[in-house]
Amino acid sequence: MQKVKGTLIPIGGNEDKGLEENELYTLEFIDEGILYHVVKEAGGVDSKIVVIPTASSIPKEVGDNYLSAFKTLGCSDVTVLDIRSKKDSEKQESIDLIASADCVMFSGGNQSKITNKIGGTSIHNILIDRYKNDEGFVIAGTSAGAMAMSNEMIAGGSAAESFIKGAVTMYKGLSLIPSLIIDTHFIRRGRFGRQSEAIAKHPDLVGLGLAEDTGLIIKNGNDCTVIGSGMVIVFDGSSLTHNNEKVLQEGTPMTMANLTVHVLSNGDQYDIKNRKVTVLPIEAPFI
């Protein structure tokens, strides 16, 4: 299998954007925040960053927030690409921006908007090609922007009713990393059951539940390192001894036995292919 050269950074939503009044917090944002890592992975403050707020219902405001956040970090070449239709994804200026960017950042909102307006278009094909072949190319996404990275994408589902068969809705994502199913705002919105049902449907895949202000740097399409202030819950269904998802009627509570779950935090690592956790040594500094 061809080695993936680009970097993916899925984020659980609500990442620090350096908007605090207190200077202390702003300094922390510049030195340690998730967007700092996005810029660093893309090659530093001179990198060309393109923000795509397609998922958002308020794309102008969201775009402005990211312009401000990246400017605070010292970046000077940041463009908002406001795609509102498939036609926008075929415009030459859109294609040129994606072809020349060092980093593409997808905002939060509704992940189905991303796949409906970008999936299968010229810029989607360029994103996949560059992610596979361009060393140093970064695709980051927060909330909906993170969830859209997988092939089997969670499109919706009530956290309150989850783990009843049929509570989670799946849809085709951008297929940047087909081995994962990504869910976000994971702790705050109580989405454990939702991700469990997604893994019951696709037990060969790895489920990731990202807390807010928490992300992963994924290298080689496989090697994950946790960044940010919260935790990542990993769901591994490869050892399931019982999974009745296929035989149940919709609306029925589900049973799974021997689902493996890991709770990871800053600096911990996960190898997707080998399903292996490497914990940050206690004496090592956080990332």
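The values are calculated or read from the model by the stated rules, or taken from the named source; none is laboratory data. Model, not experiment: these values are computed from the prediction. Cβ sites come from the backbone with ideal geometry, for glycine too, and all protein chains shown count toward neighbours. SASA here: full protein model, heavy atoms, side chains in, ligands and nucleic acids out. Shrake-Rupley method; radii C 1.70, N 1.55, O 1.52, S 1.80 Å.
For this structure, a couple of remarks:
- MRE, 222 nm, helices only [DSSP H, n ≥ 4, -39500 (n - 2.57), over the chain, to nearest 500]: -7500 deg cm²/dmol
- Near G12: Cβ cut-off under 13 Å, other residues only, Lys/Arg at +1 and Asp/Glu at -1. The net charge is -2.
- Cβ-placed point charges (K, R +1; D, E -1), dipole of the stretch 26-129 about Cα centre in debye, nearest 20: 520 debye
- Most positive-pole-ward Cα, G136, S100, S150, against dipole of the chain from beta carbon charges: S150
- Taking 0.36 nm per residue of sequence separation and removing the Cα-Cα distance, the K40/K172 pair yields an extension gain of 44.5 nm.
- Extension reserve of the V247-D82 stretch, reckoned as 0.36 nm per residue once the Cα distance is removed: 55.0 nm
- Extending 7 Å from the Cα toward the beta-carbon at both D129 and L67 defines two label points whose distance is 3.0 nm.
- Solvent-accessible surface of protein heavy atoms, probed at 1.4 angstrom with all chains present, puts R188, R84 in the order R188, R84, largest first.
- Selection from V234, L35, V80 lying farthest towards where the dipole of the chain points positive, charges on Cβ: V234
- Highest-fluctuation residue, G74, G173, G18 considered, GNM on the chain with Cα pairs under 10 Å: G74
- Seen through its C-alpha gyration tensor, with square-root eigenvalues sorted a ≥ b ≥ c, the stretch 217-287 comes out prolate because a/c lies at 1.5 or above while a/b is bigger than b/c.
- Charge dipole (Cα centre; +1 on Lys/Arg Cβ, -1 on Asp/Glu Cβ; no other charges) of the chain amounts to roughly 1160 debye.
- Cα centre as origin, Lys/Arg/Asp/Glu Cβ charges: the stretch 160-287 dipole, Debye: 260 debye
- GNM result for the chain, Cα springs below 10 Å: residue of A101, A198, A148 fluctuating most strongly: A101
- Projecting the Cα atoms of S265, N244, F286 onto the charge dipole of the stretch 235-287 (Cβ charges, centred on the Cα centre) puts N244 farthest toward the positive pole.
- Given K17/K60; K113/K246; K17/K86; K5/K113; K60/K86; K5/K48, the pairs whose alpha carbons are separated by over 22 Å: K113/K246; K17/K86; K5/K113
- Loop-located trypsin sites (Lys or Arg not before Pro) in the stretch 206-287 (DSSP state not H, G, I, E or B) with no more than 10 neighbouring Cβ atoms inside 10 Å: K246.
- According to the Cα-based calculation, Rg over Rh for the chain is 0.96, with Rh computed by the Kirkwood formula.
- Around K3: net Lys/Arg minus Asp/Glu count, Cβ-Cβ under 15 Å: 0
- Taking all protein chains as they are arranged and a probe of 1.4 Å, the heavy atoms of E15 leave approximately 10 Å² accessible to solvent.
- Fluctuation leader among N116, N14, N258 - the chain, Gaussian network, Cα springs under 10 angstrom: N258
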